[in-house]
1. From the mean inverse distance of alpha carbon pairs (Kirkwood) and the Cα radius of gyration, derive Rg over Rh for the stretch 2-276.
2. With point charges of +1 on the Cβ of Lys and Arg and -1 on the Cβ of Asp and Glu, referenced to the Cα centre of the chain, which listed residue (V234, L58, L152) lies farthest in the positive direction of the dipole?
3. Among DSSP bridges having both ends in the chain, what percentage is antiparallel? Round to the nearest 5.
4. Take the Cα radius of gyration of the stretch 33-161 and divide it by 2.2 N^0.38 Å, with N its residue count; two decimals is plenty.
5. With the contact rule set at Cα under 8 Å and sequence spacing of 6 or more, what percent relative contact order holds for the chain?
6. Given +1 on the Cβ of Lys and Arg, -1 on the Cβ of Asp and Glu, and no further charges, what dipole in debye does the stretch 2-276 carry about its Cα centre, rounded to the nearest 20?
7. Rounded to the nearest 500, what is the chain's calculated 222 nm mean residue ellipticity when only DSSP H runs of at least 4 contribute -39500 (n - 2.57) each, over all residues?
8. Suppose R0 equals 41 Å. What FRET efficiency, 1/(1 + (r/R0)^6) with r the Cβ-Cβ distance, do D61 and L152 give to the nearest 0.05?
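Readers should treat all values here as calculations from the given coordinates under stated rules, not as data from a laboratory. Just so it is clear, the model here is predicted, and its values are computed rather than measured. In this analysis, Cβ positions are derived from the backbone assuming ideal geometry, glycine residues included, and neighbour counts consider all displayed protein chains.
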Amino acid sequence: MNAVNQLRQTFRRDQVFDFLLPRPEFDLPVDVSHGPILYVEGVSVSFDGFKALNDLNLYIDDGELRCIIGPNGAGKTTMMDVITGKTRPDTGSVYFGQRIDLLRQPEHVIARGGIGRKFQKPTVFEALSVFDNLELATASNKSVWYTLTHALTGTQRDRIDEVLELIGLADQRRQLAGALSHGQKQWLEIGMLLMQNPRVLLVDEPVAGMTGEEVEHTAALLTSLAGRHSVIVVEHDMAFVRSIARKVTVLHQGSVLAEGTMDQVQNDPRVIEVYLGE
Ligand SMILES: Nc1ncnc2c1ncn2[C@@H]1O[C@H](COP(=O)(O)OP(=O)(O)OP(=O)(O)O)[C@@H](O)[C@H]1O
Ligand SMILES: [Mg+2]
């Protein structure tokens with residue numbers, strides 16, 4: 001427990017001071033009264049004159065599961081970088097619900113404020129147990145200081161149990177994270193994000209390097225999260241996308257080329273030309 005507390009303090013030191021700053025935008029529930037939870041409008045990002053995003057428009061409904069596909073270099077990861085505050089666009093606007101202008105928020109505030117992101121490489125604490133990894137990720141939006149100075153509450157314990165079931169690692173709770181398979185580490189990292197109760201979850205290439213069975217489990221997990229969370233999945237594995245897809249957005253050269261069901265986009269001649277027909 002001491003090691004966990006120590007790690008927790010290192011992990012969140014920047015946020016201890018940040019908590020002193022008022023963030024009134026995040027005190028109210030996210031306003032999804034118009035449907036979308038994310039608005040990306042007219043967003044362009046240039047790297048040395050090259051337009052990675054070019055007047056991108058994207059609307060994600062509250063609770064939806066959206067798949068984003070597109071050729072290498074289409075701007076998929078850059079789009080996630082913009083939503084999470086890692087990259088600031090040259091033009092355009094990005095809103096979280098009706099009120100919160102994400103372009104005015106620092107990256108860690110966005111992460112804590114309800115937009116979780118899973119990178120491709122799992123970043124779990126290998127020397128800690130599965131349970132301790134989830135405990136470390138426990139921090140409610142408004143009580144970082146409280147989390148730092150108090151033991152787990154019953155509610156937090158229940159939430160960890162709930163997440164362990166959800167990610168299918170209940171039997172591995174005492175196992176060291178370092179001993180998990182590649183797929184299990186990915187699920188643990190998704191679990192760590194869930195401990196922060198994100199409204200939106202961004203997942204970049206979640207099934208790369210997974211076995212067939214792990215891919216199926218990941219499909220079931222991400223599908224089960226939709227509804228309670230809005231989930232945006234970027235993936236090249238078309239069989240996987242087909243198995244989870246409701247609405248699919250195809251990015252090409254930094255903007256939306258097509259949007260619709262998997263069948264609609266797969267039969268779109270422009271999509272076939274730039275991507276699927278390759
Ligand atoms: N920091 C950066 N500096 C310069 N160019 C960049 C930077 N980040 C991305 N790019 C370029 O912007 C374009 C879009 O990259 P991005 O990573 O968003 O594509 P992607 O759709 O995620 O591709 P992939 O499917 O290969 O992951 C690429 O041409 C890439 O080389
Ligand atoms: Mg990418």
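1. On the way: Rg = 18.8 Å, Rh = 19.5 Å.
Checking Rg against Rh, the ratio lands at 0.97.
2. L152
3. If I count the DSSP bridges inside the chain, around 55 percent turn out antiparallel.
4. Numbers: Rg = 17.4 Å, N = 129, 2.2 N^0.38 = 13.9 Å.
The reported ratio for this selection is 1.25.
5. Details: 487 pairs, mean separation 69.0, N = 278.
About 25 percent, as a whole number.
6. Roughly 640 debye, rounded to the nearest 20.
7. The helix-only estimate for the chain comes to -9500 deg cm²/dmol at 222 nm.
8. Working: r = 34 Å, r/R0 = 0.83.
With R0 = 41 Å, the Cβ-Cβ based efficiency is 0.75.
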